[in-house]
1. So, residue 79, is that one crowded, with 19+ Cβ neighbours inside 10 Å and modelled with pLDDT under 90 or not?
2. Please enumerate the residues belonging to the stretch 197-216 that are assigned to a helix (DSSP H, G or I) and among the hydrophobic types (A, V, I, L, M, F, W, C).
3. Within the stretch 133-151, is even one residue closer than 24 Å to residue 45 by Cβ and not in a helix (DSSP H, G or I)?
4. Go over the candidates 174, 241 one by one and state the one that is over 22 Å from residue 91 (Cα atoms), assigned by TED's automatic domain parsing to the domain that holds residue 44, assigned to a helix (DSSP H, G or I) and not β-branched (Val, Ile, Thr).
5. Which of the residues that make up the stretch 230-246 are loosely packed, with under 13 Cβ neighbours inside 10 Å and among the acidic types (Asp, Glu)?
6. Given the criteria outside the structural domain of residue 168 (by TED's automatic domain parsing), over 29 Å from residue 169 (Cβ atoms) and more than 18 Å from the chain's Cα centre (by Cα), does residue 91 qualify?
7. Does the stretch 61-74 contain any residue that is in contact with a Leu (Cβ under 9 Å, 6 or more places away or on another chain), over 22 Å from residue 202 (Cα atoms) and surrounded by 18 or more Cβ atoms within 10 Å (Cβ to Cβ)?
8. Among residues belonging to the stretch 32-47 that are within 16 Å of the chain's Cα centre (by Cα), over 13 Å from residue 185 (Cα atoms) and not in a helix (DSSP H, G or I), point out the one that is modelled with the lowest pLDDT.
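The values are calculated or read from the model by the stated rules, or taken from the named source; none is laboratory data. Quick caveat: nothing in here was measured; it's all calculated off a predicted structure. Glycine gets a Cβ as well: all are built from the backbone with ideal geometry, and neighbour counts include every protein chain shown.
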Amino acid sequence: MDNPKVKVINLTKKFGDLLVLDDVSFEVAEKEFMCVVGPTGCGKTTFLNSLTKLYLPTSGEILVNGEPVDMKKNNISYIFQEQSTMPWLTVEENVGIGLKIKGVNSKDKKEAVDEVLDIVGLNDFRKYYPNELSASMLQRVVIARAFATKPELLLMDEPYGQLDIELRFKLEDELIKLWQRTQTTVLFITHNIEEAVYLSEKILVLTNKPTKIKKIIDNHLPRPRNVVDPEFIKLRNEVTELIKWW
């Protein structure tokens, strides 16, 4: 791949004598949506935390735009499993906080906030506080906040894990709209194989610990995707077979 957005070279992570990530190498293209799946407990979150250097790698390199990843230099957003709104701020203030920190002027900040609130359907709730919102609406706030800054790389760690299926599909559709609008590169961790097939352009399949890459699959299914389409089911079954480790 010429000039990948992200290049991971021989990434290894140990906690004491426990080897969690074992010589992991892969690339993510500019504007690509890659989903990462693997067996339960295989270290998917450790994998993501190592990319951001929340965990310092034991060895290996992580490059963004051809240079070592630097959270102070690179515009990277991270959405955790737990919702992370600030309870003392309204919806629009939560969504705009990253832009405020970056010193974006009021006009540009308002335009960016208005755009993402419209996509995630929260315009009518912009003056609400987090304690007045449902779980799915809180997650929309978090995702809108991440996209408002137009990050060059967005890392998402099972952001819909606590939501029911109907809400997940709605939020996944909104996520796709935001990704297509902003052209952000996305690395999305999930344990839900159907979700990975629904969202991704590529699927990175991890093995059980010590974690290696089992396979990287190109996902060429047309959008919008239909979960009952035979080709969708075929790809879902292929990934399911790959992550079985027993």
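1. yes
2. Residues of the stretch 197-216 assigned to a helix (DSSP H, G or I): 197-199.
Matches in the stretch 197-216: 197, 199.
3. Just the residues of the stretch 133-151 that are closer than 24 Å to residue 45 by Cβ, to begin with: 135-136, 138-147, 149, 151.
Checking which are not in a helix (DSSP H, G or I) leaves us with 149, 151.
Looking for residues that are closer than 24 Å to residue 45 by Cβ and not in a helix (DSSP H, G or I), one finds at least one in the stretch 133-151, hence yes.
4. Selected residue: 241, the only one of 174, 241 that is over 22 Å from residue 91 (Cα atoms), assigned by TED's automatic domain parsing to the domain that holds residue 44, assigned to a helix (DSSP H, G or I) and not β-branched (Val, Ile, Thr).
5. Within the stretch 230-246, just 241 meets the criteria.
6. For residue 91, the condition - outside the structural domain of residue 168 (by TED's automatic domain parsing), over 29 Å from residue 169 (Cβ atoms) and more than 18 Å from the chain's Cα centre (by Cα) - is not met.
7. Checked against the condition, which is being in contact with a Leu (Cβ under 9 Å, 6 or more places away or on another chain), over 22 Å from residue 202 (Cα atoms) and surrounded by 18 or more Cβ atoms within 10 Å (Cβ to Cβ), the stretch 61-74 yields no hits at all.
8. Here the answer is 43.
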